[in-house]
Structures are given as C-alpha cells and as structure tokens.
Amino acid sequence: MRNKKDLHLATCMEELQIKTKVPDKLKNLKLHVLNQKAKIIFDAAMEANNENDEETVYIYLMKYCEIVQIMKNNFIDDTDYIVKMNSSSLRKSMQMLSHVKMSLENRYKEKREQEDNNPKIYSKQNGSHSNEKKKLFEFESTITNENLLFLLNNTNREKICLLDTRPADIFHKFKIIACDVINIPKENLVPGLTAEMLTKTIKEPFREKWMMRHKYDYIVILDQGTEDIEDDPKLINLRNALLKWDITRNNSKKVKFLKGGYEDFNHVCPWETTQHQTIKSNMDVEPLSVTELDPEPEYEEPENKQVQYPSLDGLHNMTKYRLKPTVNNDLPDNKSKLNHINNYSSEEELDTQELAQIEPPMFDRSTKPHDKINQFTKPEIIKPLYKINDELDDENNELPYHIEEVENRRLSLENNILEDNDSYTPEYINQTRNSHSIPLIDRSTKPLDDLLIVSRTEITSGDGLRGLLNLGNTCYMNSILQCLSSTEDLVKYFINIYSKSINYKSITKGLVAKEFSNVIKNLWLQSDRSFQCQKFKDTIGDFKEMFKHYDQQDSHEFLTILLDWLHDDLNQPEDNRIILGASKETGEEDWGHWTKANNSIIQQLFYGQQKSTVSCDTCSEKSVTFEPFSSLSLPLPSEGKKCTLSDCLQLYLNGESICGWHCPKCKRTRDATKKLDIMRLPPYLIIHLKRFSSNGYKKNSDVEFPKTDLDMSNFINGIEHRNRKYYLYGVSNHSGSLDGGHYTANCLKKSKNKWYKFDDVRVYGIDPSMICSSEAYILFYCRKH
C-alpha cells in the first residue's frame, strides 16, 4: 500500500474546515448545473484518493455532500432524480468521509505531539525538506501550479508576487488571492519593453507593488492558460523586461513562468481564487466549497441557518423527479458595453440607440416582414427551365444548373459559362416539356450573388489555427466557432466582403454579424496562440438570456440560433423577383418564395429544403408542406448499437406514427403517419446526431460516418441532378453526459491538408483515424466540386 501524502493544507481539522465554505451564489444555481458540479467534484475526490491525499479527499467529499444537500433543499419536488443520479456516490462519500476524518484527526494529533516533544528536530527536518525543494525552483524558469501551491504553503506569501497578464476586466472578475498580484494586460507588453516603461504603464493600485518588486523572492508570470512561454511573444517581452532590462535588480532566480496559467491553478486549488464561474478548459466547472458533515439531516427551509448535511437514511423518501423546463423571453436592456478585448476592433461603429426594443429571434421565416428597398429597376421573371427527364450536358457531364442553387455557379466559372460582364444567361438544347417545369431566373439585371463573389476571393494570410479561451462554460461556443472558422467560403466572405451586406433592420441590428466577423478575423489574421471572444459572447448574451450567463449550453442549439442571427443580419430580400411557372408539387414554388424573402450568404451556403407529408391512417388524406433546413437532426438507433450514418439517415426518412392529427377530410382527430423527404441539398451540409434523449440520457452509440465520400444520392427525393457527394471538414464533439461534459472540435484545414483538434486554447494535429468516435455530435460536410 502506498504511503499517505504528507499533510500540506492544514495543521488541524478546524483549519482544514475553513477551506470548505460554500459561496452563497451556489445556492441560486439551477438543478442541472448543481448536478454537473457535484459529479465533477466527486471525480476530483476519487482522483485525490488515488494519490492518497487525504486532506484533498476530505475537502472535495465535503463539497460534494453539501451540493447534494443544497439540491435536496432547493428542489424538493425533484429529489427522486437527485437520489437516482447521486445515491451510489453519496453512499461511498459517507463511508469514505467517516474513515478519512478519523485518519486525519489522528494524523494531526500525532503531528502536534511530535512538534511538542521534539520541536527543534521536527522544525529542522521539516525546514530541510522544504528548503531542498525550494532550491530546485531557483534554476527553473517554468514552474507548475503544484509547484506554486507548494511555495504558497511553505514560504512566506508576502515574498511571492504574481504578474497576471490577462485583460483587466477578466482579471477583476476572476483572480488569484493567495498572494500579491499585479495586473499587467498583454496589450502593454510591446517589443523593446523595459522595467522603467512598465512603471509608467502599470495603473494603481498595482504600481506601488511593482515599485517594491525587489522585496519578492519569487516573481511569477502567468496568463489564462499558456503551457509554454515560448509560444507567446508578449509574455517573452515581459520576461525580458525583468531579466535584461531591469538594470538595478538581478532577477535571474526570481522570475518564473506559470505553466497552464490561471486555468490550471484554479483547477488545482479553486479556494485560492475569487472565481465563482471557473474558467477551466477541460471540464467547465465553477469552484465549490462545503461545510461540516451531518449524518442525520432534516428538511428545512433555509432561513439564514446552517445548511444540514445529507444522510442515506432519508433517500428512500424522495419523490419522483420531474423536469421543469424554464423559458425566459425577457431580454435585458441592450447597452453598448461591448468593449472588445485585445483583438480586432469592429469594422463599423453603429448607433447604439438602434438597439432599443429588440425581440428574440424567430425561426419561422414564412411570416418574416420584407421591408427592404427594391434593388432592381426591372422585376426578375422566373420561367420554365427544363423537365425531370432532361439529358446530361455533354460538355460538363451535368444537367443544366438550377439557377436558384447559386452555390454551383463556381462550377460555371471553371467551364467559362460566366462572362466578364457579370451577367448569366444559360442556353440549353434538346429540351422537351413533359410534366413539371423548373424555374429560370433572368439575371441580366441582377448583380453577382455573394457566393459567386466569394468564389473569386482568397484568404491571403493566416492558417486558422488559433485557440479560443474558455470564458467559463463556453466550450460549446468555442467548438462551433472553430467548425465555422473551417468553413472556407464563410471565412472568405467575412474576411473580404461581409460589410457590404449588413442589414441594420434585423433583430440584432447587424451586431452579431459584426462581432462574428471579428472572431473570424482574429482566428485567421492574428498570430497569437489564442484569444478570448468576450465581446462576441457579450453581444449574443444581449439578445438571448441563455447566453448571457456562464451555464453550459447545447452546441447544436447555439449553432442554430447563431446561423439564424447571421442570416437576419445579412439578409437582402429580392422583392422585385416574380415567380412564374414554378412547380408546386416539387417544392420549387415554395423554395422560390422563401429565397425571395431570404437572400443571404448563410442561406446560400447552409440551407436546403425538405418535404413533410402527413397521411391519415383512416382515409389516406395527405397534407404536404415544404420547409427549409439549416441542419438535419438524425435519430440514433438504440443505445450501444453500432451503426452507420446511412442507417441514421434512413431512420430519419422512415415514416413515423403520430397521434392527435386533425384530418381535414375526416374533420376529426386521427392517428397519422409522417414522412420526410429531402428535396434539395445545400453546398455545406450540417448533420446533427441526436444523442440526447428527452428522458435526460445521452446515447453513446458509435456512428460510423464517411470522411471523404458521403454520397447522398439515395437519400434525396427532389429533382436535383447535381453532385451529391460530400467530404467531411469539421466535427463538434461532446464528451461526458447531459449533466456535465465538455465540447471540442476536430477540423480539416485544407491549406495544410491536415486534421487538427481544437480544445479551447489547445490546438494540435491529430490522425484522421481519430475523427470517427462516439463523441461525434455535429458533422460538417462540404459538397465536392
């Protein structure tokens, strides 16, 4: 059996108990957030137990028990769910706490007796051990957070100073409080920096500490989460200012760099920080604390009383858990508080008074108002184009292009169909009318569409390999942003031409597109290893309450809302277009009307069309509707069953029985069958694997999906005859469960022809064989040309 880890956090149980205080804000969190934190804290306790660190085990188990008790007190109606999720862990915690508490009491007692009986010897031995370990740090330029914690516990804390280079607003929200800290934002760390220049730059109340830097034995440089100081030129500038250009001091043994920065320190010892929403790159959890353990809790309404502790005796009395969805459409007053940090400033400044009376975004575009100014002097006429049984074009080995599907005009460029005068009038031969007509648009008076312009541009610099700082449970956002940043045409659009299409009358007044453009520019055009998109998060939080705070969210829900906002911000309706001769049965008429009102780069890249047919099981009466989609949400087979993406697509397209459908022919409620058909596919196809079930569980089924050759020919029922093959370029992954987990992204960078893993600030190359896993949640495909 391994030896127990030396006592290092306290000298008695009373002192150890001080580290188990609960922040009041914890009691106001939602049930699923509390449950997430309980699980992570319990896992941390088990990890500490594996290292035989009894003090840390005690702290984490006490935290865990207290969280469970808070859930029981605050959510009495849901106690059955609480016990179901925590019963085994709680039982184990109670057993371990009883043993660990007794062991620690004995060890603290023995330690005190040794000190009383042999004060000189003990002091000499203990001091010798600490001094030897501290000597090892003298010649190390980089230290770990475990090393820093050791120094804090074995050195006079007044002799340690931290130089925190994070932005001022983030620093004041979340900072280390274990010793003196000086905030020096990276924006001040310029090449050629000297200690004297910093003296003039550093603001109060930090300047006085900086002037007294000679009194410190250790000066530790840190940022949000950098692992190696050589990766960040600005941190090197600060180090050089202290080592080379602080001429009155010899700092060679003092200056250290903290590996992993604030993120890792907060993970190691959250009680030494002020943070209540932990910025933690791997598990997204806020720091928690607890109080003493009471084996006989009683249910009481909290009224400024000591919180009671959980007991296994009361678990069987818990009532059935019910999920209670919360909907909050109340939006806060929108303010121009979005102060962009450390990165690109927005291209255009907007009148912040336009932000008044903003409403939540709507997804039903059929009722969307069309108040844009007419763009054309003549109306566009949609005329019949060709029939279903048209012959292939001999030159291009393709049927004539559907002009409504603007994404395929890039192919036209390659075949010299488009002329330099930016007009497009295709000619077709051997066309015979048999049944339904396909609409043709006369583009002679229409300027080039966005996607065609994008196809003629390039990304002139950058590789898109920057990480994104986790701002506190924002890994869901980081994962989606990295996948969208790997969507080549979208990147070229937002870097080169987006500002020409801003719709200031949209729900978000163009602000979401503006800040999204800044994110894309920072990911591609800047050289730093990572950056924080705080202003982007603040902006989306202004328009959606669920994104305002720091709770974990679903990445697919975020993606859907973001695409909707971007579309509205960039929408330029074609009010002059007149639709004639389009087939209603094939969905062409609906598609024409919808694209007339919805014309943006988002629509051109990501939107397709599907048909929904509901048939009465009694009289066979059918109701058919055509709907646009920006992603396909595919069901998965039963848990544990290995399947292919084709299996999921077929399951999605199979008919499903529905109850309570009002049949217009029977004039009463009937059972019915609903069938979906994909009518047209977008250039960029997003596929969402529905891993989260309505009962709160996650399906971890292995879904095998193609990386280079997804053929959708067998799954489309429309009249399109264009290329239906796609290649994979992005995956949003989710590890963990519904109650707690972490999002990452795997993305293909075409310029390097290599796959990369994006884990918040960490970016590294991976083998393509690692792409397909049970963690894959959202798949991003691009049509082959």
Residues of the stretch 201-227 being in contact with a strand residue (DSSP E or B) (Cβ under 9 Å, 6 or more places away or on another chain), more than 13 Å from Ile160 (Cα to Cα) and open to solvent by 70 Å² or more (accessible area, probe 1.4 Å), in sequence order, are Lys203, Arg207
Quick check: is even one residue across the stretch 596-603 surrounded by fewer than 21 Cβ atoms within 10 Å (Cβ to Cβ) and either part of a helix (DSSP H, G or I) or out of contact with any helix residue (DSSP H, G or I) (no Cβ under 6 Å at 6 or more places or on another chain) (or both)?
yes
Pick from the stretch 731-754 the residues that are under 19 Å from the mean Cα position of the chain (by Cα) and closer than 24 Å to Met712 by Cβ: which of them is most open to solvent (accessible area, probe 1.4 Å)?
Leu748
Pairs returned, first residue in the stretch 247-273 that is aromatic (Phe, Trp, Tyr), second residue that is open to solvent by less than 10 Å² (accessible area, probe 1.4 Å) and assigned to a helix (DSSP H, G or I), beta-carbon separation under 6 angstrom, 6 or more apart or interchain, are Phe257/Ile229; Phe265/Asn145
Hey, any hits in the stretch 48-64 for a residue that's in a helix (DSSP H, G or I), within 27 Å of the chain's Cα centre (by Cα) and within 17 Å of Ser737 (Cβ to Cβ)?
yes
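Conditions tested, residue by residue: (1) assigned to a loop (DSSP other than H, G, I, E, B); (2) modelled with pLDDT under 90.
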| position | (1), (2) |
| --- | --- |
| Glu627 | no, no |
| Ser633 | no, no |
| Pro637 | yes, yes |
| Lys665 | yes, no |
Determine which single condition Phe543 fails, assuming it passes every other condition in (1) open to solvent by less than 30 Å² (accessible area, probe 1.4 Å); (2) under 13 Å from the mean Cα position of the chain (by Cα).
(2)
Go through the stretch 178-189 and give me each residue that's hydrophobic (A, V, I, L, M, F, W, C) and at pLDDT below 90.
Ala178
For the structure I just gave you, tell me whether Asn571 is touching a residue at least 60 places away in the same chain (Cβ under 8 Å), surrounded by fewer than 19 Cβ atoms within 10 Å (Cβ to Cβ) and under 30 Å from Ser517 (Cβ atoms).
no
Across the stretch 564-596, the tally of residues that are small (Gly, Ala, Ser) and within 37 Å of the chain's Cα centre (by Cα) stands at 2
I'd like to check something: does the stretch 232-239 contain any residue that is outside any helix (DSSP H, G or I), modelled with pLDDT under 90, charged (D, E, K, R) and crowded, with 17+ Cβ neighbours inside 10 Å?
yes
Across the stretch 66-120, what is the number of residues that are under 19 Å from Asn49 (Cα atoms) and open to solvent by 40 Å² or more (accessible area, probe 1.4 Å)?
11
List the residue pairs whose Cβ atoms are under 6 Å apart, where the first residue sits in the stretch 716-739 and is over 14 Å from Ser555 (Cα atoms) and modelled with pLDDT under 90, the second is among the hydroxyl-bearing types (Ser, Thr, Tyr) and open to solvent by less than 30 Å² (accessible area, probe 1.4 Å), and the two are 6 or more positions apart or on different chains.
Ile719/Thr586
Count - residues of the stretch 258-270 that are open to solvent by less than 10 Å² (accessible area, probe 1.4 Å) and farther than 21 Å from Ala168 by Cβ:
2
Given the condition under 26 Å from Ala178 (Cβ atoms), modelled with pLDDT of 85 or more and more than 30 Å from the chain's Cα centre (by Cα), answer yes or no: does some residue in the stretch 27-42 qualify?
no
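Determine whether Glu627 is surrounded by fewer than 20 Cβ atoms within 10 Å (Cβ to Cβ) and not β-branched (Val, Ile, Thr).
The answer is yes for Glu627.
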Of all residues making up the stretch 578-595, the number that are over 25 Å from Ser612 (Cβ atoms) and crowded, with 18+ Cβ neighbours inside 10 Å:
0
Subset of the stretch 177-194 (residues that are surrounded by 20 or more Cβ atoms within 10 Å (Cβ to Cβ) and over 37 Å from the mean Cα position of the chain (by Cα))
none
Selection within the stretch 722-743 - of a type in the set (Phe, Trp, Tyr) and within 14 Å of Asp709 (Cα to Cα)
Tyr726, Tyr727, Tyr729
Hey, among Lys505, Lys514, which residue is buried (at least 22 other Cβ atoms within 10 Å of the Cβ), in contact (Cβ under 8 Å) with a residue 12 or more places away in the chain and more than 12 Å from the chain's Cα centre (by Cα)?
Lys514
Scan the stretch 583-595 for residues that are in contact with a strand residue (DSSP E or B) (Cβ under 6 Å, 6 or more places away or on another chain) and either in a loop (DSSP other than H, G, I, E, B) or in contact (Cβ under 8 Å) with a residue 40 or more places away in the chain (or both) and jot them down.
Gly587, Glu588, Trp591, Gly592, Trp594
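The values are calculated or read from the model by the stated rules, or taken from the named source; none is laboratory data. Everything quoted here is computed from the prediction, not taken from an experiment. Counting neighbours? That spans all protein chains shown, and the Cβs are built from the backbone with ideal geometry, glycine included. The protein model used for the area step is the full one, side chains on, heavy atoms only, and it has no ligands, DNA or RNA in it. Shrake-Rupley method; radii C 1.70, N 1.55, O 1.52, S 1.80 Å.
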